[in-house]
1. Being small (Gly, Ala, Ser), farther than 18 Å from Leu118 by Cα and either crowded, with 18+ Cβ neighbours inside 10 Å or modelled with pLDDT of 95 or more (or both): is that true of Gly170 here?
2. Going through the stretch 168-219 one residue at a time, which ones are out of contact with any Phe, Trp or Tyr (no Cβ under 6 Å at 6 or more places or on another chain) and hydroxyl-bearing (Ser, Thr, Tyr)?
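The values are calculated or read from the model by the stated rules, or taken from the named source; none is laboratory data. These figures come from a predicted structure and were not determined experimentally. Neighbour counts run over all protein chains shown; Cβ positions are idealised from the backbone, glycine included.
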Amino acid sequence: MSLGVVVMLVLLGISIRAYRSPGPDFNPVPPGPPLVAPPVPMDQASSAGRAGAEEPAPAPAVPGLSPRRTDPPIPSGSASATPEPPAEAAPQTNPPAPPQNSAPPSVAPPAPPALPPLEAQYRVMQTFPGGFIGELSIRNAARSDLGWVARLDYPGGRLVTAWLEGTTQGTLSERQGTFTYRSGPDLGAGASVLLRFHIESADPRPASCTISGRSCAGL
């Protein structure tokens, strides 16, 4: 239905309501100019007609029943869908600590070799003005023959001579008051030998006395 037709129907209804049967107080009014509907543009009339045609007419109300709101059904898929719980984040693990450089195991220094079982006894045989004669008794306490080295220190003194009693002589050396005597042949197991020496300008008591690294007795 076009907009022009609607306007004409409205005007017709107004005219019918205005027209009533004349009463006792009826005062006729001379008729006025006829009512003319305003022209409606064609594009508005056509668009209004299309809009009216597209909109469905409301359903008539049934007496005694109040209209209820009818919501469109909810799709079953969206109603039954339950939100999935958020995925649990994997626990963060710290990267393994790099291995620490361990200190190398301490190595104990090798034990010094055992000293040979040699014994030496020191004594002064004779003293005189400016010097003395000393003696060193050397004994081999091992079960096998051993060579030996005697070393005596007389600070400021001078070695005149040194010798072995009753056996083959060894080797003598002297340097700044310290003299060293090395045995000739090895000393037999359980055997003893006497080393004697003449010292001048020194105290009869030596500053040090050793036999193959062992300290002498008798000092």
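1. On the way: small (Gly, Ala, Ser): yes; farther than 18 Å from Leu118 by Cα: no; either crowded, with 18+ Cβ neighbours inside 10 Å or modelled with pLDDT of 95 or more (or both): yes.
So Gly170 fails the test.
2. Listed by number, the residues that qualify are Thr168, Thr171, Ser173, Thr178, Thr180, Tyr181, Ser192, Ser201, Ser208, Thr210, Ser215.
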